[in-house]
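The values are calculated or read from the model by the stated rules, or taken from the named source; none is laboratory data. Small disclaimer: the values here were computed from a predicted structure and weren't measured. Virtual Cβ from ideal backbone geometry, glycine too; neighbours counted across all protein chains shown. Accessible surface is based on the protein model in full, side chains and every heavy atom, while ligands, DNA and RNA are left aside. Shrake-Rupley method; radii C 1.70, N 1.55, O 1.52, S 1.80 Å.
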Amino acid sequence: MDKYKSNRIQLFNSLKGEKEEFIPINAPHIGMYVCGPTVYSNAHLGNARTFVSFDVVYRYLLFLGYKVRYVRNITDVGHLVDDADEGEDKLAKTAKIEQLEPMEVAQKYTVEFRKVMQMLNALPPSIEPTATGHIIEQIEMVQSILDNGLAYEMNGSVYFDVLKYNEKLNYGELSGRNIEELYEGTRTLDAQDEKKNAVDFAIWKKAAPEHIMRWNSPWGEGFPGWHLECSAMGTKYLGKKFDIHGGGMDLKFPHHECEIAQGNAANGESPVNYWLHTNMLTLNGQRMSKSTGNTLLPLELFYGASDKIDKAYAPMVVRFFMLQAHYRSTLDFSGAALQAAEKGYKKLMAALRLLNGIAYQETEFSERDDLEIVKLLDSCYEFMNDDFNTPRTIAALFEIVAKVNGICKNNALVGLSKKTFGRLQEDFNGLVTQVLGLSDQQKDNQDQLDGTIGMLIDLRTEAKNEKNWSMSDAIRDQLKEIGIQLKDGKEGTSYSIE
Ligand code: AMP
Ligand code: ZN
C-alpha cells in the first residue's frame with residue numbers, strides 16, 4: 001500500500017527550471033490542481049493529451065499509496081477571446097453563434113469532454129468545480145487583493161498592480177520574463193487606457209451592456225478575470241499552499257504567472273510548490289489549436305471520421321500513442337505513428353492476457369531469469385519516479401514481454417521462482433492497467449458480450465418457465481439471425497458465434 005515510502009519521485013518543477021525531489025507538504029496527502037478545459041467547443045486531441053498526462057501523474061501517485069485530492073476545474077466564464085483582458089467571452093461568443101444560453105454551451109461541451117476522457121480511461125478528478133459556481137469566492141479574493149494594496153479599481157473594473165507587486169516580489173518568476181519584455185509584449189487595447197500600467201491585468205471586469213455573463217459585485221456588475229478562478233478554487237479546495245499545479249506549457253504565461261501573483265497578493269504566500277507543464281501535441285508540425293483550426297478531435301479518431309487518418313483507432317491505442325512520448329516533449333500526430341502505436345498496444349495486451357492466464361507450475365528455476373525480470377520491474381518504477389517517464393517505462397515493459405515470451409512453454413513460465421512469478425503478475429498488471437491506465441479492450445468487449453448474451457439467456461429461461469414459448473423462441477431465433485447460436489445443455493445454456 002505505502003509504496004510511496006520507498007519511491008522517491010523527481011519531478012521537473014517549471015518554477016525552478018530543473019528536476020527536484022518531490023516532498024509533499026503533508027504526506028500521504030497530496031493536493032493537485034490542473035487547469036481544466038474552457039468549455040466553448042469540443043476538446044481537441046492536444047487538450048486530451050494534457051489531461052491524459054496528468055491522469056498518469058494522478059494514477060501513479062495513487063498507485064504508490066498517496067491520498068490525492070485532484071481538482072480540475074471547468075472554465076465556463078472569464079476566458080476571453082485571444083486570452084486577453086478585452087473582447088468577448090469565449091462561451092458567450094459560441095452561445096450567440098449557436099443561439100444557446102451560455103450555460104447550455106457549457107453543459108454541452110462539459111458532457112462531451114467527460115465522455116471523451118472516460119473513453120480514454122482517464123479517472124475523474126476528485127473535484128471538478130466550475131468558475132461560475134465560485135463567483136463569491138472570486139469576489140472575496142479580489143477584495144483581499146484590494147485590501148492588501150495590490151490592486152486598484154478603475155471605472156468598475158479591478159486591475160492587479162503588477163509594478164507595486166514587483167517592488168517586493170517577482171512577477172515573471174515562472175515564465176522567466178522581466179517587466180521590460182512584458183511591456184514590449186502588450187498590445188494597445190482600449191482598456192489599457194484605464195490601467196495604470198499596460199502590464200497590469202484584470203481580476204474583475206466591468207460588464208459592457210452587451211455582455212451577457214454578469215454578476216453583482218462591490219464594484220458594480222461584472223465578471224471575474226480568467227486567471228482568478230483557478231486561484232480562488234485552488235485556495236478553496238486545496239488551501240493557500242498546495243503541492244502540484246499542472247497545465248499545458250502555453251498556460252505558463254500569463255495564466256499561471258498571474259495565479260502565483262494573485263496567491264501571493266491575497267494569501268501572503270506562493271500558492272504552489274511544484275509547477276508541472278506539458279508540452280504540445282502538434283499536427284503537421286504546428287501546435288494543435290482551436291483558434292487556428294489546426295485540430296483533430298478524439299471522437300473523429302475513435303470513429304475514423306477524419307481524412308487525416310486511414311481508419312478508426314480505439315481510444316486505448318490513442319492513449320498508448322500519447323504515453324509513448326514524455327509529457328515534456330512535443331508529440332507530432334500522424335497516421336503512421338498511430339499505426340505503430342496500435343501494434344505496440346496489441347503486443348502489450350497479448351502479454352497481459354498471457355500472464356494472467358498462466359498458472360504457476362513448480363519448475364526448477366534459474367536465478368538468472370529471476371534477477372533479470374526483477375531488475376526490469378524495478379526499472380519501471382525508477383523510470384516513473386524520474387519525472388513520470390512513460391516512454392522509458394513502456395520500453396522496459398516490452399523487454400519484460402520479450403523475456404516472458406522467451407521462457408513461456410506450454411502455458412508455464414519455465415525457470416522462475418514463485419516469488420518472482422507473483423511479482424511479475426502483480427507489477428506488470430499494476431503498471432499497465434493502473435498506472436498507464438491501459439485497459440484490454442478486446443477483453444472488455446468480450447466481457448460485455450458475455451454479459452449481454454447472459455442477460456438474454458436469463459430472459460429466455462424466464463420466458464420458458466412462464467411457458468411464453470413465442471418469446472423464448474424469438475430470443476433464440478433472433479440471436480441465430482445475427483450469428484449467435486444458443487446451446488441448451490445439462491449445465492444450462494451456453495452460446496457460440498458462427
Ligand atoms: P483550454 O480548453 O484551451 O483552456 O485548454 C485546456 C488545456 O489543454 C490547457 O492545459 C492547455 O494548455 C492544453 N492544450 C492546449 N493546446 C494543446 C496542445 N496542442 N497540446 C497539448 N496541450 C494543449
Ligand atoms: Zn487555470
Quiz item: If Glu98 passes every condition in (1) near ligand 1 (Cβ under 10 Å from one of its atoms); (2) free of Cβ contacts under 8 Å to residues at least 40 places away in the same chain but one, which one does it miss?
Solution: (1)
Quiz item: When the stretch 48-64 is examined, which residues are found to be out of contact with any strand residue (DSSP E or B) (no Cβ under 8 Å at 6 or more places or on another chain) and either open to solvent by 10 Å² or more (accessible area, probe 1.4 Å) or not assigned by TED's automatic domain parsing to the domain that holds Lys195 (or both)?
Solution: Arg59, Phe63
Quiz item: Counting only residues that are within 12 Å of ligand 1 (Cβ to nearest atom) and among the hydroxyl-bearing types (Ser, Thr, Tyr), how many does the stretch 222-248 have?
Solution: 0
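Working only within the stretch 22-45, note down all residues that are away from ligand 2 (no atom under 16 Å from the Cβ) and either assigned to a loop (DSSP other than H, G, I, E, B) or in contact (Cβ under 8 Å) with a residue 60 or more places away in the chain (or both).
Initial filter on the stretch 22-45 (away from ligand 2 (no atom under 16 Å from the Cβ)): 22-30, 41-42, 44-45.
Hits for the stretch 22-45 are Phe22, Ile23, Pro24, Ile25, Ala27, Pro28, Ile30, Ser41, Asn42, His44, Leu45.
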Self-check item: Residue list for the stretch 36-91, restricted to those being more than 17 Å from Glu112 (Cβ to Cβ), aromatic (Phe, Trp, Tyr) and within 15 Å of ligand 1 (Cβ to nearest atom)
Solution: Phe54, Tyr58, Tyr70
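Residue check: is Leu479 assigned to a helix (DSSP H, G or I) and within 25 Å of Ala359 (Cα to Cα)? I'd like the intermediate steps shown before the answer.
Working: assigned to a helix (DSSP H, G or I): yes; within 25 Å of Ala359 (Cα to Cα): no.
No.
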Self-check item: Filter result (more than 10 Å from ligand 2 (Cβ to nearest atom) and touching a Phe, Trp or Tyr at 6+ places or on another chain (Cβ under 9 Å)) within the stretch 236-253
Solution: Tyr237, Leu238, Phe242, Asp243, Ile244, Lys252
Exercise. Please tell me if Val77 is open to solvent by less than 10 Å² (accessible area, probe 1.4 Å), in a helix (DSSP H, G or I) and either within 16 Å of ligand 2 (Cβ to nearest atom) or touching a residue at least 60 places away in the same chain (Cβ under 8 Å) (or both).
Key: no
Practice problem: With respect to Tyr33, determine if the residue is open to solvent by 30 Å² or more (accessible area, probe 1.4 Å) and aromatic (Phe, Trp, Tyr). | Solution: no
Quiz item: For the stretch 443-498, which residues satisfy the criterion of being closer than 29 Å to Lys343 by Cα and surrounded by 13 or more Cβ atoms within 10 Å (Cβ to Cβ)?
Solution: Lys443, Leu449
Quiz prompt | Residue that is surrounded by the fewest Cβ atoms within 10 Å (Cβ to Cβ), among those in the stretch 294-339 that are free of Cβ contacts under 8 Å to residues at least 12 places away in the same chain and part of a loop (DSSP other than H, G, I, E, B) | solution = Asp307
